[in-house]
Structure formats: C-alpha cells, structure tokens
Ligand SMILES: [Zn+2]
C-alpha cells in the first residue's frame, strides 16, 4: 500500500505535470464501484483547470479553478498514470481525464480500496477530520510526539499506524522507524523512554526522507505517475526480511502479527 513517500512522489509529479492544465473531458466508469461515493459527480471536472496538488497523510487533494477539490486515495493498488490516449486501457480503470496538452490522466485500482471524491468549493473535506500531525512538518517536534506517546496505551507499532496521531505512516515505515530508533514495536507507547522520543521523531523523519529520495518503496504494485517503481526496497532494514540478519547486530529479524498485520523487528537490538 502506498504510504507517505509514495504518495508524496506522485503529488510532486502531479504538481509538475498537471497543475495549470485544463481538464477537457471526463470518462467515469461508474459500474466499477470504488468504496465511497462522491459528493459531486466526477463529470463536473470537465472544463476545470487544476490549480494545486496538495497532500494530507496518504490523501492527495487537487484544487480546481472553481475552488472545488478532488480528493484521491490510492488504497492498496491504485495507480494514477499519465498516458497517451492511444495506449491500451488497463483493466480496472475507473477514471480517465482528457487534458488540454493531448495526454490523459488515468486512475486504475484492481482491488478498489481507493477513493475519488469531488467536493464543491468551500465544502469541508470530512475524510480528513481528526488527522494527526504531518511527520515532515515543523509541528512534528519531540515535544509534540512526546505528548501523543504519553497519552497512548497502544503498542508503539499500532500507535504509529494510527492516522489520528501521526498521518501518513503505514506498515513499512512504522517498522523501519522503530528499528532505526532501537525501540520494540511491542513496547507500550506511553512507556517510551524520555531519552528515546527525540530519536524516534528523527527516525520517522529520516526514513521518510530517505525513501522519498529514492521515489518510495515498490514491492508488487506501486509505481509513480509515469510508471516508475520506487527504489527504497534495497535500503529496508527489517521490513519483509524475516530470518535475515539485522544490519546492525546480525541477529535474525523476527516477524510477529500485531492487530492482524505483520510486524518485522530485531528482538536483539530493539527494546
Ligand atoms: Zn539488531
């Protein structure tokens, strides 16, 4: 599933390639239902110019010239790709936008956990209510993280996945940040040693920045807006590395299941 670095990679591509373009036509395959219905029909995108591309957590927000907002989430398998109109349509294509430079922007999503919603200008985007701090913002200070940690009885791994606390982290970067900070994913959040809070903050920011610099992480599905996979997979320390030696202490990486999801960590050097 695309997490912050992958979504931010796509957002930057959209900022370069889509902002300023006019949408001249819309094809919406309504029969291929996504998980949520849109407040306004997506056909209303026709004739609008794209004014900006922002990100909140794992969501992308495209603001249009009439101040409406297209909210986008890639779910598990969503792809947003610039295409030539003559390119064959991928299976599971939900939306095709014709652009005034002759290209198309297409959204496909085989597993349909993605989301496309058009909000009229001035409307509150309720999907983003209760979102927590952005880990690459200045507001993500050791003090801010310390307050959040001290209020939570959840294990650290579950704490980091909770979008209401820190927005944008998923399974990969939660595991990797905890490894960098030498903290066990099973440790209760409020029992994080005071001395480790700053290191955890720095580890989260660093793993996201390092991945972003490589265009994110691709296992099977993720590619950016021009079809390029991310290259951070070679730099993963623990994620999907069960049984392999820890890059720091050589103990075998362990896989456990927490809240129904795989966690990878080093039981020897993460405490
Ligand atoms: Zn280790």
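For the reader, a short list of remarks on this structure follows.
- Among 6, 44, the order by Cβ neighbours within 10 angstrom, fewest to most, reads 44, 6.
- Between residue 164 and residue 76, the simple spin-label model (points 7 angstrom out along Cα→Cβ) gives 2.4 nm.
- Exposure proxy shown here: for 65, 211, 203, 259, the number of other Cβ atoms within 10 Å sets the order, fewest to most, as 259, 65, 203, 211.
- Each pair of Cα atoms in segment 69-208 enters the Kirkwood radius, and Stokes-Einstein at 10 °C and 1.306 mPa s then converts it into a translational diffusion coefficient of 91 µm²/s.
- Cβ crowding within 10 Å ranks 249, 269 as 249, 269, fewest other Cβ atoms first.
- Two-site FRET efficiency, residue 214 against residue 153, from Cβ-Cβ distance with R₀ of 25 Å, rounded to 0.05: 0.10
- DSSP-defined beta bridges in the chain - what % are antiparallel, rounded to 5: 100 percent
- Size descriptor, Kirkwood hydrodynamic radius, that averages inverse alpha-carbon separations across the chain, Å: 19.6 Å
- For segment 208-271 versus segment 62-95, the gap between their alpha-carbon centres in whole angstrom: 28 Å
- Between segment 107-121 and segment 138-186, the alpha-carbon center distance in angstrom: 27 Å
Bear in mind these aren't lab numbers, they're just calculated from the coordinates by the rules spelled out. Please read these numbers as outputs of a predicted model, since none were measured by experiment. Positions of Cβ are backbone-derived with ideal geometry, glycine not excepted, and every protein chain shown enters the neighbour counts.
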